Amino acid sequence: MTPTCADPLDMVAGVLRVRASLLVLLLGLLAAGCSLGDSPGTAPSFTAEGGDSSSLEGLERFSLLSLATANTTRLGGRDAADDAAAAAVASYPGTSDQNRPSAVMLVDRDNWQGAVAASVLSGRPIGAPMLVSDGDELPEVSEASLEQLNPTGSDLSRDAQVIKIGSDPPTPEDFRTALIGGDDPYTLAAAVDRFSTVARGEPSANVIVASGEQPEYSLPAGAWAARSGDSVLFTEQDRLPPPTERALAAHERPNIYVLGPEEAVSRKVFDSLRRLGNVRRIEGPDPVQNAVAFARYRQGDFGWGVVVPGFQFTLANADRPLDAAAAAPLGTNGVFAPLLITDSADTLPRPVENYFLDVRPGFEEDPRTAVYNHVWLLGDTSAIGPQVQGRLDEIARLIPVQLEGEDAPAEPGQAAPPPTRAEPQRPPRDEPRPRSRGERRRTPEPIPGRGPRGRDD
């Protein structure tokens, strides 16, 4: 008997360390004959075959981690199913009862709205990563990952191990399965919201309202939902759908954050939302800048507020909206990475580059006391090219900081330079000086209701 969508799941026990969680992926990579290094003039290879894999079983048949540099890690492969499987197993290796999830979600490859809305279930108290289905079939990589994850099940959902987001994904054999259903994206998101409310014991005080028609503006909402437990609901550009309106009413005047410019969510819808709660807009003029604005934004207990070094980030291509499924477990579970967007596989967008330069880590004297940045890249080189990864590794690297009137610190492993009276070196104009740990941040706190690129309209 299949449980109904009103049954919540139990929270996952324990939080994993990211490095340890990559071991399973590394084993599969090495077994497939791939290298973690890159040869001169050769881009990293992404293939589901990887070599003679006929004798390999489970995830060993798939190369889900192709190239890791000091400050970046690439997860996934040629499609969203590979990306979601890589992120799920990186977060939950499934090597012991302590690092198995209580449940795993399945979402269809064409249901990006379901992936964004269901991201809230990747965080507490449920902690379920997401895998991608292809209609009524599971791709081999999703099937192998589900077997590796081997979810424990939850008493609160009649011991369900798998949660289907919508009716399209198949019901896996040998796994107890629950369903969250909805006839359209707006009804489905409202059903996920009810499921999350039951699991949490109360509705979230904050709700994101995003476009149900333009995924490039809505994708960053999923990672924050996983991080915070704040629900995501959808709207049409010029009309607030009744399922969304009813779901917001059940939250009893929440703080409503509209994600995206009027091109995605019109002023008419914004004004309609005022009847249901306190409304603010977070926006950028295009999807790339919109995601950066959301990463910077903070209002009270809502928003990432990442304006200093010491964080992890996820980067996905806007052409792969189902990468919201992969970004969800990386938004929680000890990683807590906001999702940034690129609109080009070959070039790092200038707003993203400037943002990373603004939060570039540095140290004054001892690098052991510094903080670090790390970037997770989703997909193969058709989604994010090797040149982009190389540039990200460069601008995420910890570097020495020379303050005005002081001598430059030595690089790690080098002797300190002799005192000098030379003028202090400054970063180029387009590269802000990195901040070191303990240095007072000069960026002003966001004005309530007006975080970076945010407004009350």
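Just so it is clear, none of the values below were taken in a lab; they were calculated from the coordinates. Just so it is clear, the structure is predicted and the values come from calculations on it, not from any experiment. Note that we place each Cβ from the backbone using ideal geometry, even for glycine, and neighbour counts take in every protein chain shown.
Provide 100, 391 in ascending order of the number of other Cβ atoms located within 10 Å of each residue's Cβ, fewest first. If you can, show how the numbers build up before the last one.
Details: 100 21, 391 17.
Ordered from fewest to most neighbouring Cβ atoms within 10 Å, 100, 391 come out as 391, 100.
Rounded, prolate or oblate: pick one for segment 18-395, where a ≥ b ≥ c are the square roots of the eigenvalues of its C-alpha gyration tensor, a/c under 1.5 means rounded, and failing that, prolate if a/b is larger than b/c, else oblate.
On the way: a/c = 1.72, a/b = 1.18, b/c = 1.46.
In terms of gyration-tensor shape, oblate.
Taking 0.36 nm per intervening residue step and subtracting the Cα-Cα distance, what contour gain separates residue 365 from residue 183 on full extension? Before the final figure, lay out each step's value.
Values: separation 182, 0.36 × 182 = 65.52 nm, distance 5.88 nm.
Stretched out fully, the residue 365 to residue 183 stretch lengthens by 59.6 nm.
Which trypsin sites (Lys or Arg not before Pro) from segment 173-244 combine a DSSP loop assignment with at most 13 other Cβ atoms within 10 Å? Before the final figure, lay out the partial values.
Details: sites: 176, 194, 200, 227, 239; in loops: 176, 239.
Hits after loop and neighbour filter: 239.
At 0.36 nm per residue, and after removing the present C-alpha to C-alpha distance, how many nm does the segment from residue 70 to residue 278 gain when stretched out fully? Write down the numbers at each step before the final one.
Values: separation 208, 0.36 × 208 = 74.88 nm, distance 4.27 nm.
Using 0.36 nm per residue and subtracting the Cα-Cα distance, I get 70.6 nm.
Take residue 174, project a point 7 Å from its Cα along the Cβ direction, then tell me which residues of segment 126-160 have their backbone nitrogen under 13 Å from it.
Correct set: 143-151.
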